[in-house]
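Note sheet for the following structure.
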Amino acid sequence: SALPQVSIISGASFTRVSALAPGSLASAFGVELSGGTEQALTLPLPTVLSDATVKLTDSSGTEQRASLFFVSPGQINLLIPEGMADGPATLSTFRGDQLSASGTFQIQSVAPGLFSANSNGSGVAAAIAVRVMPDHSQQLEPIYHCSSGVCIADPIDLGPESEQVALELYGTGFRHFSALPQVTVGTQNATVLGAAAQSQYPGLDQVNIWIPRSLIGAGEVNVILWVDGRMSNTVTINVQ
């Protein structure tokens, strides 16, 4: 009988993307991928959870085990290993020593995805606003609230001209950029303050921008990340 297939998606945009990047978060969906449900509770992440392991083979034929965040019979959340060669790759899932499913995808150096508060890759960004006062003191402000499992954007007040409001955006798949990422907010190109791997959580990347003051009163606007010519999924913020 034919081996069951897994579909492999970005762990941030939660869409079937053309490619994934080394060091990024991904999810594999299938059936009977593990005999139980288990979440990783320690760092470094394990390569075995419940009875499941995942092996990835790149275009050079190099095989690596993936670090695992979560396994269940229908879904495995994993970290794409660093050092995978660009090009076609295969993901194979095992239960014990038994191959249970496989799927193919592409590896490329960057494959940007942004997290949304709803954990589905759309709607309000999973982001934090940082208000910078005239004396350079900072205050963190939430940009959304969640009720009954749905997260809704809260208006971001850009305040008087003496204040600036930065946005910390979280995603995956862009830590290996060759040129500083660009972010469009509505119709504007935002000033990018920096981008890097976020050291506290494996696979998590962060990009910080100034929210353009020209957007005052714009309401809900789209936020898109561009990295080395590749575009992320679209998330939103509300600028009052």
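The values are calculated or read from the model by the stated rules, or taken from the named source; none is laboratory data. What you are looking at is a predicted structure, and each value in this text was computed from that prediction instead of being measured. Every residue, glycine among them, receives a Cβ derived from its backbone with ideal geometry; neighbour counts consider all protein chains shown. In case anyone asks, the SASA skips ligands and DNA or RNA and just uses the protein heavy atoms, side chains included. Shrake-Rupley method; radii C 1.70, N 1.55, O 1.52, S 1.80 Å.
Between GLN240 and THR90, what is the label-to-label distance in nm when each label sits 7 Å out along the Cα-to-Cβ direction?
In this crude spin-label approximation the distance works out to 5.6 nm.
Can you tell which of VAL227, THR42, VAL239 lies farthest toward the positive end of the dipole of the chain, using +1 and -1 charges on the Cβ of basic and acidic side chains (Lys, Arg; Asp, Glu)?
VAL227
According to a simple spin-label model (label point 7 Å from Cα along Cα-to-Cβ), what is the distance in nm between SER60 and GLU163?
With each label point 7 Å from Cα toward Cβ, the separation is 5.1 nm.
Just going by the charge dipole of the chain, with Lys and Arg at +1 and Asp and Glu at -1 on Cβ, which of ALA153, SER116, ALA2 is farthest out on the positive end?
Of the listed residues, the answer is ALA2.
Quick one: which of 113-119, 147-153 comes out on top by average Cβ neighbours within 10 Å, and what's the full order, highest first?
Per-residue mean Cβ counts within 10 Å order the peptides as 113-119, 147-153.
Give, rounded to the nearest 20 debye, the magnitude of the charge dipole that the chain has about its Cα centre when Lys and Arg contribute +1 at Cβ and Asp and Glu contribute -1 at Cβ.
Working: 8 positive and 18 negative charges, 78 e Å.
That gives the chain a dipole magnitude of about 380 debye.
Gap in Å between the Cα centre of segment 173-240 and the Cα centre of segment 28-54?
Between the Cα centre of segment 28-54 and that of segment 173-240, the gap is 31 Å.
Ranking request for peptides 165-173, 76-84: highest mean number of other beta-carbon atoms within 10 Å first, then the rest in descending order. Each step should come with its number before you reach the end.
Details: 165-173: 24.2, 76-84: 20.8.
Top to bottom by mean Cβ count within 10 Å: 165-173, 76-84.
Quick one: accessible area per residue over the chain, 1.4 Å probe, rounded to a whole number of Å²?
Working: 11020 Å² over 240 residues.
Using a 1.4 Å probe on heavy atoms only, each residue of the chain averages 46 Å².
Which whole-number value in Å³ per residue fits the convex hull of the alpha carbons of the chain? Please report the intermediate quantities before stating the final value.
Details: hull volume 31.8 nm³, N = 240.
Convex hull of Cα atoms, per residue: 133 Å³.
Could you calculate the FRET efficiency of ASN222 with ASP154 from 1/(1 + (r/R0)^6), where r is the beta carbon distance between them and R0 is 22 Å, rounded to 0.05?
Given R0 = 22 Å and the Cβ-Cβ separation, E is 0.85.
Tell me, what % of the accessible area of the chain is carbon and sulfur with a 1.4 angstrom probe?
Numbers: 5580 of 11020 Å².
For the chain, the apolar C and S fraction of the accessible surface comes to 51 percent.
From the backbone phi of segment 13-22, what are the Karplus-calculated ³J(HN,Hα) couplings (6.51 cos²θ - 1.76 cosθ + 1.60, θ = phi - 60°) in whole Hz, Gly and Pro given as x?
Going residue by residue, I get 6, 6, 10, 5, 9, 5, 7, 10, 9, x Hz, with x marking Gly and Pro.
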